[in-house]
Amino acid sequence: MGVLLAVDGGQTSTQVVLANEQGSLLAEATGGPSDHTEEPGGPERLEQVIRATVNGALNTAHLAPLDRQEFIAAAFGMTGETEIKRRVLASVIRTPCLTVVHDSAAALMAATAGARGVIVIAGTGSVARGTDGSGKECRVGGWGHVFGDEGSAFWIGREAVRAVAAELEGTGEKTYLTQSFCKRLGASDAYELMAKYYSGQWSREELAGSARWVHEAALKGDPLAERLLKRAGTELAALAIKVLSLLHGRVEVSFEQGAPVHSWIVSYTGGVFESGFVLSSFSESVRALSPAATIRPPLYPPVLGSLLLAYQNAAIPLSNVARACWPQRRKQPI
């Protein structure tokens, strides 16, 4: 039996799916993070995660282990750089058709299944990617927490810490975030708060995780927390609008007999969008500049975007009937 391998590798976890040539899903598995391969020990960690997670899926499907398995095609959507990852994966995966792309490319395929549109990803980091449906693609953002990641969980956490520090030093407004962050981190002043991060006691991933605390504060009615989350939504909408502008040349939409001439799918994925404050601000901001946009979640999870790329790059036709059995994420457009 011919087997295709699809992987979605991110900063938090790695998702694996196996499928046959007819489009039936055979097994899935989840493993640890597969990012930061440019750091010392990164390539070795990537290989360990891929071996363990793919072998887990192969075992579930009662197939031969990775060292004795050749795939018809394999597609990887990976966060961050891809060149180091490609070298590692080529040494581990046996296939005549290996595809390694930025995770935004796989997420875009999962969102629109090849139709024209945009996907905005907002988890620990942020990035947007779009296609005109005719082969032209572009990406905006995704430059990491130092130079980008606007609207991401890290960005939200960092802006919250800035607000807390401002209150503690007497220059900012009062916010419930100060009590929340200081209590959780065991800090009594701005210096202790900053020391938690700069000393490494509080990691980059943990700072991104504090975006949940901001959402909790907003739900309690904290005005600053709510404004911060709405700003995140606006920043993420700006990524989508930039992609639309690059693909279409403009974002203004003309109408003929009440119907939009240029309609685009604008999709979103990632934990940050679980906040209603972020999602509503994102939607309002996109519609303000592109009123014909259809704003909705992706059709499929990102790992199935990788699977669609595997079929496409191996020139294996996939019927709509087969895809109809795949787990979908689509809900009513906002």
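The values are calculated or read from the model by the stated rules, or taken from the named source; none is laboratory data. What you see is a predicted model, and the numbers here were worked out from it, not measured in a lab. Please note: Cβ atoms are built from the backbone with ideal geometry, for glycine as well, and neighbour counts cover all protein chains shown. Surface areas here come from the heavy atoms of the whole protein model, side chains and all, with no ligands, DNA or RNA. Shrake-Rupley method; radii C 1.70, N 1.55, O 1.52, S 1.80 Å.
Structure notes:
- Selection count where residues are modelled with pLDDT of 85 or more, assigned to a helix (DSSP H, G or I) and either under 17 Å from the mean Cα position of the chain (by Cα) or among the small types (Gly, Ala, Ser) (or both), scope the stretch 310-331: 1
- Candidate set from the stretch 134-182 (those that are closer than 30 Å to Gly114 by Cβ and open to solvent by less than 20 Å² (accessible area, probe 1.4 Å)); member that is farthest from the chain's Cα centre (by Cα): Gly148
- Scanning the stretch 166-181 for residues that are more than 19 Å from Gly221 (Cβ to Cβ) and not charged (D, E, K, R) returns Ala166, Leu168, Gly170, Thr171.
- Some residue of the stretch 172-189 being of a type in the set (S, T, N, Q), within 18 Å of Ala208 (Cβ to Cβ), touching an Asp or Glu at 6+ places or on another chain (Cβ under 8 Å) and assigned to a helix (DSSP H, G or I): yes
- Meets criteria (open to solvent by less than 20 Å² (accessible area, probe 1.4 Å), farther than 19 Å from Ala225 by Cβ, assigned to a strand (DSSP E or B) and modelled with pLDDT under 95) for Val127: yes
- Whichever residue in the stretch 194-210 is surrounded by 13 or more Cβ atoms within 10 Å (Cβ to Cβ) and more than 19 Å from Leu224 (Cα to Cα) and, among such residues, is nearest to the chain's Cα centre (by Cα): Glu205
- At least 1 residues being over 18 Å from the mean Cα position of the chain (by Cα), modelled with pLDDT under 95 and surrounded by 20 or more Cβ atoms within 10 Å (Cβ to Cβ) is the threshold, and among the helices (runs of 4 or more DSSP H) wholly inside the stretch 211-294 those reaching it are 223-248, 276-289.
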